[in-house]
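> Take this structure first; my questions come after.
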Amino acid sequence: MRLNKRLIATFMMILTGNALALTPTAAQINQFKNLPKAQQEALARQYGVDLGSMTGNSGTSTTVEQAPVLEPISTPLLQSKPQPSTEENKSNGTPWFGYDVLSGGNMDFTVVDNLPVPLDYQMGPGDTINLQMFGKTSQNVFLQIDRDGTINLPELGPLAVSGQTFEQLRNQVAEVIKQKMIGVDVSVTMGAMGAMRTMQVYIVGEVNNPGAYNVNGLTTITQALVASGGIKESGSLRHIQLKRQGKVVADFDLYDLLLKGDTAKDIRLSSGDTLFIPVRNNSVTITGQIARPAVYEYKGKTTITELLGIAGGAKPQAYLSQVSVRRTNGEGVQQYTLDLSTAYGRLFAIENGDEIRLDAVVSSLKNAIAVRGEVARQGALNFTPGMRVSDAIGSIEEGLKSSSDLNYALLVREINQNRDIEVYQISLLDALTEPSSRDNLVLKEKDQLFVFDNGLAQEYWFGSYANAKAKGAQGGMSKEREAIDTQTGAVVIKREATELNLADVNTISDAAEQRKASRETLLEPIIDRLKEQASFGVPAQLIEVSGAVKFPGIYPLAKNTKIGSLLAAAGGLSENAYLMSAELSRRSIQQGTASIDRVNFSLKDAISGKYPVQLQPMDNLIVKTQPGWQEGMVVELQGEFIFPGRYTFQRGETLKDVIERAGGFTEFAYTDGAVLSRERLKRQEAERLKYINAQLKQEISNMSLRRQGSTSTTDPAQAIAIVEQLENVEPVGRLVIDLDKAITGNKQANLMLEKGDKLFVPALNPVVSIVGEVQFASHHTFDPKLTVDDYIVSAGGTKRQADTDRVYIVKANGSVEMPNNSFWFSRNYQPLEPGDTIIVPINTDYLDGLSTLSTATQILYQIGVAWSAVKD
């Protein structure tokens, strides 16, 4: 960059400072020669330097300087050249049309040296031609037209050529040489671009860089405008005037070039010409559904149809029957709405400042119906009068997916201008297999068909029809393994190696979940629309189904709904449905008071049509469950039974009944240690644990507030952490029973079985366990002669923090007893039995005593220190 600047400064001094007699030094010339040839030529052209004189090249040919395509006479104009703002119109953000094409500057115009010279190019002083003579004499010379319009032919003298076209000059020179130089033929060509003459033109008016420019003889109107920086947005593109000797010789319309590609009027400039850009007088804005939304300039009287042609035409979605024209003039703002389908609308004349907008047509479908859901091809279909459901779907194999529900589909139809709808329920199976059936409804325009999912896994059942190789667990494991049942404490032998790991009969299938999701997705917008169109006296066309159906809920009340079709909408009856009786709840208003009426009827007769039931909006159909129907009524017997295992039972059976079915007890059974775990109690126990957990946390928080001023060493956070462990405690749901009385038929002891019960009868285990605050927690052989104190002594005695007044016994059957160890009072309790557990709890008052003693010691110490200070 520095070298270029230094060379430019040197050339400027050479061109403008002849009086100083400055010449470039040898070092500067060498630096200039090291530049690329293109850069040397550009510098030489820019400053009018003879490149041959700088590089030292010489020859027989005459070297001429290169004429720039466009060179400003006054360079400061270019330094402050503003770029035209063609992005947005200040009024409404619409771009101006055509100005961006001319937004390039003179540095953006690429000079091409080998352009062919047109035959009609007018020759003038400064142009150079190349003569190649061959034959008797061979010679190659460059001849330049003098100021008087002549060239000097070698050995022939001057020849007047100014004002002729290049074609005329070529013919004249060839004819003269052939006549006067016998045996010599000649070829006349134009020199390089730089061999053309340089002339001065003026570009004025509404342009970004007005001024005088040096151009070559081939420069046209558009080339000059582009290279000079373009036209301002206030300038006219359709009245570009070329003035020559004070007269307008051309009125150039740039729209011919932009819209048609016509360059016939883009003529070449001559020396002294002036390009004048007048102010734009007529413009109009067109937006909306048009090919090229923009601000356009128009000439003379122009109709809106002609303007649409200039803007590229309207888009297919344009609504031509209502075209908005907003006109602002001296009378104010006027609004016109044109119908371009009429002659008046098409011939409407536009005026300066008009704002035209073409809006889109309504997006709603016309002459069409729609098919949604589980069909092969969703979307809109062409409607033809007389179409039926079978025409819209086709066939089951080609029109529906394999996952389509053939028993339940809906037809939604608009019934008025408010777009209120009514719903029809159909069976696609009947509509497609029996074209004459009532389910094959006649369709109307804008009808919409909704097809639901049947829940089948399409990829599996209708995909590759092949299963991957099943891989089981590694062999070699034991067929049986022992596991502890957390509810009964029984050691259960499980055959997990061969037991199928499949969902039980009470688990909801994936197909049912899919059918439920399909109904929710497709029915939600229909139900919302029916709710919205409800009003006073016109209830929403909805009905609710509950009870023993597969998908209870709210459904659209179709025009042709009956009890059977309503049950089909709800997925059908469940296996526990009661057909002899059903209930229909209905709201009624009498004398301004609402009440609920109930209708009982035979569901079987209503389905068969023997006694049809008329359904009304907002009805609630309740399908009852069969009396005594129970699912999952299973009890599990563990331990010392002749035939342990899982047994189904019916409601009303007792412990005695199921024990008899299991063959009774084995000879090793210890019935006093029987454990009964019940699911209902387990749930209650879980809720109690949550309540106790919350209660303990609250008490710990209150205690921490009371002890803020004390020196207690108890950390509330540690206590909270211990309490939170209760959340991980598994509820057992254990019920204390007297199995010996139960098998004798005692009404109180012989409990009625419940769903999920587990009964565990252990083998006789003559062991007594001692746990808690003893020196060594251990298990001891049962001895009826030993007392509670004897067993505690055998465990090493109690610890210092043991609470000996609260020792208790957990019996083998789960009951809890307190031993008779009071000096003043005595209580009756059963003696120890095999399987009992003696528990010695911790004395919490002992821990509080330690903290109290520690606090008292600190107080006494501080008093002693204070007393010593006072005494001293």
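We did not get these values from a lab; they are worked out from the coordinates using the rules stated. Note that the coordinates shown come from a computational prediction; the quantities given were computed from them, not determined experimentally. In this analysis, Cβ positions are derived from the backbone assuming ideal geometry, glycine residues included, and neighbour counts consider all displayed protein chains.
> Using the 10 angstrom Cβ neighbour count as an exposure proxy, how do HIS239, HIS779 rank, fewest first?
Numbers: HIS239 20, HIS779 13.
The most exposed by this proxy come first: HIS779, HIS239.
> Right, something else. If you take every residue apart from ILE177 with its C-beta less than 13 Å away from the C-beta of ILE177, what net charge results, scoring Lys and Arg +1 and Asp and Glu -1?
Around ILE177, the surrounding residues sum to +1.
> Right, here's the next one. Which far-off residues, 5 or more places away or on another chain, put their amide H under 5 Å from the one on PHE641, with H placed in the peptide plane?
Under 5 Å from the amide H of PHE641 lie the amide H atoms of THR666, each far enough along the sequence or on another chain.
> Can I ask one more? How would you order 514-526, 759-771 from highest to lowest mean count of nearby Cβ atoms within 10 Å? If you can, show how the numbers build up before the last one.
Working: 514-526: 16.4, 759-771: 19.3.
In descending order of packing, they fall as 759-771, 514-526.
> Taking the Cα-to-Cβ direction at TRP629 and at ASP783 and moving 7 Å from each Cα, how far apart do the two end points lie in nm?
6.3
> Per residue, how much space in cubic angstrom lies within the convex hull of the C-alpha atoms of the range 283-360?
Considering the Cα atoms of the range 283-360, their hull volume per residue is 79 Å³.
> Which distance in nm do the two modelled labels at TYR344 and GLN168 give, with both placed 7 Å along the Cα-to-Cβ direction?
6.0
> For the pairs LYS265/LYS315; LYS444/LYS531; LYS516/LYS562; LYS516/LYS690; LYS401/LYS444; LYS531/LYS604, note any where the Cα-Cα span goes beyond 28 Å.
Pairs exceeding the cut-off: LYS265/LYS315; LYS516/LYS690; LYS531/LYS604.
> Neighbour counts of other C-beta atoms within 10 Å: give me ASP528, ASP619, ASP100 arranged from fewest to most.
The fewest-first ordering by Cβ neighbours comes to ASP528, ASP100, ASP619.
> Okay, moving on. Lys and Arg at +1, Asp and Glu at -1: add these up for the other residues within a Cβ distance under 13 Å of ASN813 and post the number.
-3
> Modelling each spin label as a point 7 Å along the Cα-to-Cβ direction, I'd like the SER608/PHE536 distance in nm, to one decimal.
Roughly 4.7 nm, to one decimal.
> Something else about it: Hey, fewest Cβ within 10 Å first, where do MET190, MET123 land in order? Walk me through the numbers on the way to the answer.
Working: MET190 21, MET123 25.
Lowest to highest Cβ neighbour count: MET190, MET123.
> Further question: Rounded to whole Å and sorted largest first, what semi-axes of the equivalent ellipsoid does the C-alpha gyration tensor of the range 128-191 yield via the square root of 5 times each eigenvalue?
After diagonalising the Cα gyration tensor, the semi-axes are 18, 11, 11 Å.
> Less than 14 Å Cβ to Cβ from HIS780, Lys/Arg counted +1 and Asp/Glu -1: what total charge do the surrounding residues give?
Local charge sum for HIS780: -4.
> Amide H to amide H, which residues 5 or more places from SER778 or on other chains are under 5 Å from it, using H placed in the peptide plane?
Close amide H contacts, sequence-distant or interchain: ILE770.
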